[in-house]
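Trainee: Have a look at this one before I ask anything.
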Amino acid sequence: GYVTISKVHKTTPAELEKELRALGVARGDKVVIHTAFSALGDFKGGPEAFCETCMKLIGKSGVILMPTFNFYTHDRSGGVYDPDRTPSYTGAASEAFRKRKDVYRSLDPSHPVCAWGKDALEYVRNHHKVPTMDADSPLGLLERNGGKVLLISCPGANTFMHVVETTNQVRCLGQRMEEYKLKL
């Protein structure tokens, strides 16, 4: 066994914005963001600054979705899915995004998605009424509206692929048949 130790990279919000612009991300875009925040190194301002940078770049005329999955783990909220209290298990950036007062979270009990920006509430409003990755789920609506997928330091974490599978009738996911308690 070998171990590689490297110097922690320092990243600033300005650097992130510059790189996202270079990728073609622009004001008014509709995006879902997956990120392994820790892979960004020492990000100045932490995950909150990461979220603010993305929001500033996209602007309120666009929309940002972030998975805030809890994978049926409601142990921190008394066995009940509480969209305001059940934490995201999909990373520091998604947890910081979830906690923002201007972000809406879907009522899907295992794979909730948070949304911010233009028509954000419309993206998450009916998530609990459809299969998690259905054409009418938040990510399905993003696909229908010409959305983009941003994978930041996590090339293998693309939840959006399940929507493409579903909308093309190549289902790899089972259908949820369980019932879960939910705090409205």
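The values are calculated or read from the model by the stated rules, or taken from the named source; none is laboratory data. For clarity, every value in this text was computed on a predicted model and none was experimentally measured. Positions of Cβ are backbone-derived with ideal geometry, glycine not excepted, and every protein chain shown enters the neighbour counts. The protein model used for the area step is the full one, side chains on, heavy atoms only, and it has no ligands, DNA or RNA in it. Shrake-Rupley method; radii C 1.70, N 1.55, O 1.52, S 1.80 Å.
Trainee: Only residues that are part of a loop (DSSP other than H, G, I, E, B), basic (K, R) and closer than 17 Å to F71 by Cβ: list them for the stretch 97-107, please.
Mentor: none
Trainee: Is one or more of the residues making up the stretch 63-70 β-branched (V, I, T), at pLDDT below 95 and not in a strand (DSSP E or B)?
Mentor: yes
Trainee: With the checklist (1) under 15 Å from the mean Cα position of the chain (by Cα); (2) among the aliphatic types (A, V, I, L, M); (3) open to solvent by less than 30 Å² (accessible area, probe 1.4 Å) in hand, flag the one item A92 doesn't pass.
Mentor: Checking A92 against (1) under 15 Å from the mean Cα position of the chain (by Cα); (2) among the aliphatic types (A, V, I, L, M); (3) open to solvent by less than 30 Å² (accessible area, probe 1.4 Å), the one that fails is (3).
Trainee: Given the criterion in contact with a strand residue (DSSP E or B) (Cβ under 8 Å, 6 or more places away or on another chain), farther than 20 Å from L139 by Cα and either touching a residue at least 24 places away in the same chain (Cβ under 8 Å) or of a type outside the set (F, W, Y) (or both), identify the matching residue among V103, V80.
Mentor: Within the list V103, V80, the selection yields V80.
Trainee: Quick one: which of K118, K56 is in contact with a strand residue (DSSP E or B) (Cβ under 7 Å, 6 or more places away or on another chain) and closer than 25 Å to E17 by Cα?
Mentor: Sole residue among the options that is in contact with a strand residue (DSSP E or B) (Cβ under 7 Å, 6 or more places away or on another chain) and closer than 25 Å to E17 by Cα: K118.
Trainee: Continuing with this model, one more query. Among R21, R98, R85, which is the only one that is among the charged types (D, E, K, R) and farther than 27 Å from L184 by Cβ?
Mentor: Just one listed residue meets the conditions, R21.
Trainee: From the list S110, S88, which residue is assigned to a loop (DSSP other than H, G, I, E, B), closer than 27 Å to G41 by Cα and modelled with pLDDT under 95?
Mentor: Going through S110, S88 in turn, just one is assigned to a loop (DSSP other than H, G, I, E, B), closer than 27 Å to G41 by Cα and modelled with pLDDT under 95: S88.
Trainee: Any chance the stretch 125-144 includes a residue that's open to solvent by 30 Å² or more (accessible area, probe 1.4 Å), out of contact with any helix residue (DSSP H, G or I) (no Cβ under 8 Å at 6 or more places or on another chain) and either modelled with pLDDT under 80 or farther than 25 Å from D84 by Cα (or both)?
Mentor: yes
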